[in-house]
Amino acid sequence: MYSEKVMDHFQHPRNVGEIENASGVGTVGNAKCGDIMRMYLDIDENGVIKEAKFKTFGCGAAVATTELVKGKTIQEALEVTNKAVMEALDGLPPVKVHCSLLAEEAIHAALWDYAQKNGIEIEGLKKPKSDIHEGEEEESEEY
């Protein structure tokens, strides 16, 4: 069962859409369930996220993610974890926890795009995966 916060975001979506000439755009997916999320960020010259929008297919946790990064610096946005997404939504059903990871990865992908466009390195940011389950098969085979 979804929390009241998730249902409110679902029934009254905020920050849905695209940002024309976005500073950074990140797209991630989950091949196992088919969820896809695209995050758009508008970052000012001081490294503060002025606007964040998203488009998603199937990802319930995406609805609140943009509100978690608006007004934050790049470094603060990089610290938004899937746990923070779940807490902001007052939890998610166990079968939807992967959506919070998708949201976290979308933020990182958009920040990566921003860094690439501007020829900068963001401390602590690694190249994002296009599929949040990339590498799982190799890891599970080792054990």
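The values are calculated or read from the model by the stated rules, or taken from the named source; none is laboratory data. For clarity, every value in this text was computed on a predicted model and none was experimentally measured. Glycine gets a Cβ as well: all are built from the backbone with ideal geometry, and neighbour counts include every protein chain shown. Ligands, DNA and RNA are excluded from the accessible area calculation, which covers all protein heavy atoms including side chains. Shrake-Rupley method; radii C 1.70, N 1.55, O 1.52, S 1.80 Å.
Out of the residues in segment 12-24 that are out of contact with any Asp or Glu (no Cβ under 9 Å at 6 or more places or on another chain), open to solvent by 60 Å² or more (accessible area, probe 1.4 Å) and not charged (D, E, K, R), state the one that is nearest to Asp42 (Cα to Cα).
Val16
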Scanning segment 25-34 for residues that are in contact with a strand residue (DSSP E or B) (Cβ under 7 Å, 6 or more places away or on another chain), surrounded by fewer than 22 Cβ atoms within 10 Å (Cβ to Cβ) and either more than 17 Å from Asn118 (Cα to Cα) or of a type in the set (Ser, Thr, Tyr) (or both) gives Thr27, Asn30, Ala31
Single condition Gln11 does not satisfy, out of (1) free of Cβ contacts under 8 Å to residues at least 60 places away in the same chain; (2) within 18 Å of Leu111 (Cβ to Cβ): (2)
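Report yes if Val69 is open to solvent by less than 10 Å² (accessible area, probe 1.4 Å), modelled with pLDDT of 85 or more and β-branched (Val, Ile, Thr), otherwise no.
yes
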Checking His9 against (1) open to solvent by less than 20 Å² (accessible area, probe 1.4 Å); (2) in a helix (DSSP H, G or I); (3) within 21 Å of Ser130 (Cβ to Cβ), the condition it does not meet: (3)
Pairing a residue in segment 72-96 that is touching a residue at least 24 places away in the same chain (Cβ under 8 Å) with any residue that is open to solvent by 50 Å² or more (accessible area, probe 1.4 Å) and assigned to a loop (DSSP other than H, G, I, E, B), where Cβ atoms lie under 7 Å and the two sit 6 or more apart in sequence or on different chains, gives Leu78/Gly124; Pro93/Met1; Pro93/Tyr2
Odd one out for Tyr40 among (1) open to solvent by 60 Å² or more (accessible area, probe 1.4 Å); (2) in a strand (DSSP E or B): (1)
The residue that is modelled with the lowest pLDDT, considering only those in segment 32-64 that are over 14 Å from Leu111 (Cα atoms) and among the β-branched types (Val, Ile, Thr), is Val63
